[in-house]
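What follows is one structure encoded as structure tokens, with my remarks underneath.
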Amino acid sequence: MSETDGGAIIARVLKRHDVKFLFTLCGGHISPILVGAKAEGLRVIDVRDEVSAVFAADATARMSGVVGVAAVTAGPGVTNAVTAVKNAQMAQSPLILFGGATATVLRGRGSLQDIDQLAIMRPITKWATSVRTLAAVEATVQRAFEVAVSGTPGPVFVEVPVDLLYREEVVKEWYMKESGVENATGLGAKALGLYLRGHLYKQFHAPALPITGPLPEVWLPTRSTDEEISKVAAALAKAQRPALVIGSQALVNYRDPEPLALAVKSMGVPTFLGGTARGLLGRHSDIQFRHKRSAALKKADLVIVAGFPFDFRLGYGRSISSKATLVAANLNRTDLRKNRRPEIAVQMHAGTFLEQLARKNSSESTKWGPWFETLREREAARDEEIAAKANKDSKLVDPLHFFQTLETQMEDDAVLVVDGGDFVATAAYILRPRKPLCWLDPGVFGTLGVGGGFALGAGLCRPRQETWLIYGDGSSAYSLAEMDTCVRHGLAPIAVIGTDGSWAQIAREQGELLGDLVGTELRRCDYHNVAEGYGAAGLLLDDPKNVESTIAEAKALAKSGTPVVLNVMINSSDFRKGSISM
């Protein structure tokens, strides 16, 4: 008989790869994975919706540089996780999702939750595979880690049938009992019994064989990139108006982002940060700019885009002057040239590219003084414009005034998680990420519902730091139940819900263009009372005079170990009128 089970084998591989957390929603198909993980010293974090388990795994991958891991049960457990897996694919986050599955002998025969899961997962993962024998479990999981981080990072799906996760003697008992051959005497029953015993022996005692099935191609540069980086350094030395745009990919797989931050600072190039790269240069930096990026890129004579695709956020490449020398560094050869072909294209990790470029750079940033002066004037003008629009004496809470106050009261090492539309985008104009890897947003997929899972991952990766979760009232309903998860697992984020009773980002444009608000109207709900039902603290803020004191109260509660939901009744605002993306 086998002395171990697939769950224990999986857990040992996870520990070997420095995985600290396993996110899950329990199910009989995957119980041995959870038990095995706990026995190996991993923290098993059980959530209230499978999608949150994968979002949490995504968050830990981004913040720790270690592959995120989640396990969900068969059928609806897997399908509930699909959105989060697709989000991770588009955000290029390395993670592994284990999916339970029906017993190998019952596949396709109508057993509980038996569907073709690989057909669903293949289009949205780097690799989707199913294990068929116990001997293949360890090699498959090991390969999953390699695939998740290699080339362009992304999610991997590993389906593990339930009869490979339990011990052999348990599975044998199930087979004999469920098949009805245990006490049967006919020839048919005996033949079935022999077949099942043979199948069982193959599962548990077959020798380890090479992994079968198609594996993803991992493309690597055919020659050294030193020549290309030297070309970029030469172009930088000649530039009078350079600009650097850094995206999320520059931080992927980074356990320590400080060398990258030092490299960027040493070059002294005017820098714009996006996605997970926000916070790379700290709360304040002389070379970082947050506003008027398109205006800068239109006037720049050299634009370096590192780990940021030419998608809608860069006007599909049209935001960059056609007269500028364009440099792009990206792991993904499609993203490297999609919509706009750079003069110098370097296929490599964007963070590594920047570190190597800094070592070759000989430019004196002082020669860019007039360019910096222009950018700083624009930056200051935009900040003054936003400040002038804030109204601390409005009937309800003005979102600009609220975020201006919050910006001054957040701790210097606070982590920011954002999940929403209009309220969240307003926050992005004002709140300054404090440190590298302390900003989590959905990424290019623009997914609502990331908040609860991301906050879990952030709280676990940064247990001694404040975690602020900025919700719209629409987006909050996707994952507010994860407050219960926070209570059970000793996490204390502060969730701020901007409540205006509307899907405001959509409603503003829909009402003006189509003259009808159908489908966009909500109620000003008592989300703070919902939070208390889950065991968290709930605070209501509906008086502008109490903004500062209520934020302080939320901070004190979180510091004591209590998760908080701060329900902020905000005024309707046209601050972001005309900004909807489609």
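Please treat every number below as a calculation from the coordinates, not as lab data. Note that this is a predicted model, so its numbers are computed, not measured. Cβ placement follows ideal geometry from the backbone for every residue including glycine, while neighbour counts extend to all protein chains displayed.
Numbers for the structure displayed
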| quantity | calculated |
| --- | --- |
| Helical contribution to [θ] at 222 nm, DSSP H n ≥ 4, -39,500 (n - 2.57), averaged over the chain, rounded to 500 | -12500 deg cm²/dmol |
| Cβ-defined net charge surrounding residue 231, 12 Å radius [Lys, Arg +1; Asp, Glu -1] | -2 |
| Residue among 316, 347, 271 farthest towards the positive dipole end of the range 226-377, charges placed on Cβ | 316 |
| At R0 = 30 Å, FRET efficiency that the Cβ-Cβ distance of residue 360 and residue 301 yields, to 0.05 | 0.95 |
| Ranked 471, 534, criterion: other C-beta atoms within 10 Å, fewest first | 534, 471 |
| FRET E, pair residue 311, residue 343, Förster distance 25 Å, beta-carbon r, rounded to 0.05 | 0.80 |
| Distance between the range 25-68 and the range 513-530 - C-alpha centres, whole angstrom | 33 Å |
| Stretchable slack from residue 382 to residue 333, in nm (0.36 nm times residue separation minus alpha-carbon distance) | 14.1 nm |
| Rounded tilt (10° steps) of 137-149 against the dominant C-alpha axis of the chain | 10 degrees |
| Prolate/oblate/rounded call for the chain, Cα gyration tensor, a/c under 1.5 rounded | oblate |
| Between 0 and 90°, nearest 10: helix 369-389 axis offset from the chain longest Cα axis | 80 degrees |
| Between 0 and 90°, nearest 10: helix 6-16 axis offset from the chain longest Cα axis | 40 degrees |
| Net charge contributed by nearby residues that have their C-beta within less than 9 Å of residue 396 (K/R +1, D/E -1) | -3 |
